[in-house]
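The values are calculated or read from the model by the stated rules, or taken from the named source; none is laboratory data. Bear in mind that the values here come from a model prediction, so they are computed numbers and not experimental data. Note that each Cβ is placed from the backbone with ideal geometry, even for glycine, and that neighbours are counted across all protein chains shown.
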Amino acid sequence: MTVLMHLSDLHFGAHDRVVCDAVQRLAHRLGVSMVVVSGDLTQRATAAQFEQAAHFVHGLHARSTLVLAGNHDLPLFAWWLRWGRAYERYAHWFGIDQEPVRQAGAFYVVGVNTTRAWRHERGSLSSAQIEHVALLLARAPPDAWRIVASHHPLVGRTADDPAHRPARADEAVQRWQTAGAQMLLSGHVHEPGLLEPRPGLWASRAGTAVSHRLRHGSPNSLVVLSIEASGASPGGWTRYAARWDYDGVSGEFLCKQRKPVGGSAVGAQHPVIASFS
């Protein structure tokens, strides 16, 4: 079994140390091949908060790590840094590449930066970004699980939900599926969810992994993608998406919902809402 752990909205500075330890125990137990963190590493983009986030991510001991910036990772109170130095503190700990690409086994993940230095919360995509991601997807190995990760969700909770989506989201989703995308990972809204907005293309939102900033009645949660041997599937492998929630009684993350996402709903005309919501 090959495993990818998707975390989002860590918000160090508003984090729960006990929950952090539980995430690390789960990562070690699963033996994750890749960790994807889709933004909001910090609460207020301070140097100390970035350092805490970096130590936490390093402590997951994944063989490969892809980290993106979120809107909270751009300075708010140190507003003068937004002119030319908005990503300076992020880059010190996580590198200057704001749109990393990683491959681990059959996972092929393309990161895209939806944050903007001149915006406090809302996201955006440029035409150049959309085409660049499409080119990278087209270059992926033929048997790879082709995934795009962003901070802001490219797909709403329903077909007509525009909330929190970056500008040009519809254009990006269509273009990237044509280029081969099979899964979209995001965060930002602190509400886990899984749906199939277009036949063969899945979108998974992770909740807030370790912060106190819980919303929508959802606990701390994360997503685990896995590729598992299966004699019942063509090629002998099945892809799964699973939601893991923190359980305060046991002090551990428990798998609450799990769904195969390797196939498509042929002929589907509307988004297929799965069990994460």
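Take the residues of the stretch 164-178 that are in a helix (DSSP H, G or I) and of a type in the set (A, V, I, L, M): which is farthest from T115 (Cα to Cα)?
Top of the filtered list is V173.
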Do we have any residue at all in the stretch 91-106 that's in contact with a Lys or Arg (Cβ under 8 Å, 6 or more places away or on another chain) and closer than 30 Å to W237 by Cα? yes
Screening A62, A86, A45 for residues that are under 18 Å from the mean Cα position of the chain (by Cα) and outside any helix (DSSP H, G or I) leaves only A62
Please work out if V133 is more than 30 Å from C255 (Cβ to Cβ), under 16 Å from the mean Cα position of the chain (by Cα) and not in a loop (DSSP other than H, G, I, E, B). yes
Within the stretch 168-184, the residues that are closer than 18 Å to A138 by Cα and of a type in the set (A, V, I, L, M) are A172, V173, A179, A181, M183, L184
Quick check: anything in the stretch 229-252 at pLDDT 95 or above, outside any strand (DSSP E or B) and on the phi > 0 side of the Ramachandran plot? yes
Kindly establish whether W93 is outside any loop (DSSP other than H, G, I, E, B) and modelled with pLDDT under 95. no
Can you tell me how many residues within the stretch 174-190 are surrounded by fewer than 24 Cβ atoms within 10 Å (Cβ to Cβ), among the polar types (S, T, N, Q) and in contact with a strand residue (DSSP E or B) (Cβ under 9 Å, 6 or more places away or on another chain)? 3
Filtered residues of the stretch 182-206 (kept if closer than 13 Å to R157 by Cβ and in a loop (DSSP other than H, G, I, E, B)): H188, V189, H190, E191, P192
In the stretch 161-181, anything more than 20 Å from S124 (Cα to Cα) and free of Cβ contacts under 8 Å to residues at least 40 places away in the same chain is listed as none
Before we move on, is V35 surrounded by 21 or more Cβ atoms within 10 Å (Cβ to Cβ), at pLDDT 95 or above and not in a helix (DSSP H, G or I)? yes
Top-ranked residue of the stretch 191-241 - restricted to ones that are farther than 19 Å from V37 by Cβ and charged (D, E, K, R), ranked as surrounded by the fewest Cβ atoms within 10 Å (Cβ to Cβ): E228
Checked against (1) more than 20 Å from A242 (Cβ to Cβ); (2) part of a helix (DSSP H, G or I), V19 satisfies every condition except (1)
